[in-house]
Structures are given as C-alpha cells and as structure tokens.
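Computed from the coordinates by the stated procedures, all read-outs in this text should not be read as laboratory data. Computed from a predicted model, the values in this text were never measured in an experiment. Quick reminder, even Gly has a Cβ in these numbers, built from the backbone with ideal geometry, and neighbours come from all protein chains shown.
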Amino acid sequence: MDDIDALRRAIPDCEQLERTSPDQYSGRARVGIAAIKGTYDGTVTLSDRRELSGLHVSVEAKSGHARIAGEGDITLSDDDGGTRAEYSGDARVIGPLAAVAQRLLPTFSKAQINEFFKRLDAHLYADTAANSTVENKP
C-alpha cells in the first residue's frame, strides 16, 4: 500500500493520486453510479497498520452534488505460498442524493473493491514475473 504507482493503477478510474503524508493520499477519480455519477476529489487514510497482516482504510470523497465516505479493514494471510487478502467495510452517500444512491452503493462498492484487488494483483504478478529469471539448463 506504499507503492503509489501500483495504487494509481489499481484504483478504478483514478485520474490523479499523490501522497500527502506517510499514511494519507489525495486524489481524483470518476464514479459512475446512477445519481452520484461524476468526478470526486478525496482522501484515503491508512491506519492501524499491522505489518504483513493488514490495515484499516478510510476514504472520503466529494463532488459538486454528493459526498461518499467509507472505511474498511484489509486482512492479509498466508495462502499456500501466496497471500490472501480479505476485506470488510462500509460505505455511505451523504447529501441530497443519498436516498437514491444508498441502495445501489453496496453492489457498486463491492465491484470497485474487487476491481482494485484484481488490478493490484495483476500489477504485483507482472512485477514478480519481470523480476524473475528462468535458468535454462542443458
């Protein structure tokens, strides 16, 4: 979670991302969900870091007509030589469109989180493959 280039590539529709402190990023991303569709500026804060086992993530973002807030825990564990990432969390829409968007948010959030991990995994796998060598024995 400290590799800003990996995070930028992993966050769906991320337009901008910069580190503002060791545990905080600010950025901009497009959100495409019904009434809260638009470009959002926000912050991601990492806390409760547990080396090699997980962390807590808080997200706050706003556009001209809505605000989205969410938080969750990511837990990492060994999985047969690889790493298993599990998450749990909650997201909410705040503002005049909340009633319309809130019922769509759980499905949308889950899809975005799954896409994030899929992209992060692809980035990490590509780095591993690029940094590995195959020895050709006669």
If you compute Cα extents along the principal axes in Å for the structure shown, which of (i) 69, 30, 26; (ii) 47, 38, 33; (iii) 70, 44, 17 do you land on?
(i)
Quick one: angle between helix 105-131 and the longest Cα principal axis of the chain, in degrees between 0 and 90, rounded to 10, please.
20
Can you tell me the dipole magnitude for the chain around its Cα centre, using point charges on the Cβ only (Lys, Arg +1; Asp, Glu -1), in Debye to the nearest 20?
720
Once the piece of chain linking Glu86 and Glu18 is laid out straight, how much longer is it, given 0.36 nm per residue of separation minus the C-alpha distance between them?
22.0 nm
Aspartates and glutamates whose Cα lies under 13 Å from that of Lys118, excluding same-chain neighbours fewer than 8 positions away
Glu86
From DSSP H assignment alone, runs of 4+ in the chain each adding -39500 (n - 2.57), the sum over residues rounded to the nearest 500 puts [θ] at 222 nm at -8500 deg cm²/dmol
Surrounding net charge for Ala85, when Lys and Arg each add one and Asp and Glu each subtract one, Cβ distance under 12 Å
-3
Just how far, in whole angstrom, is segment 35-71 from segment 1-24 if you go by their alpha carbon centroids?
12
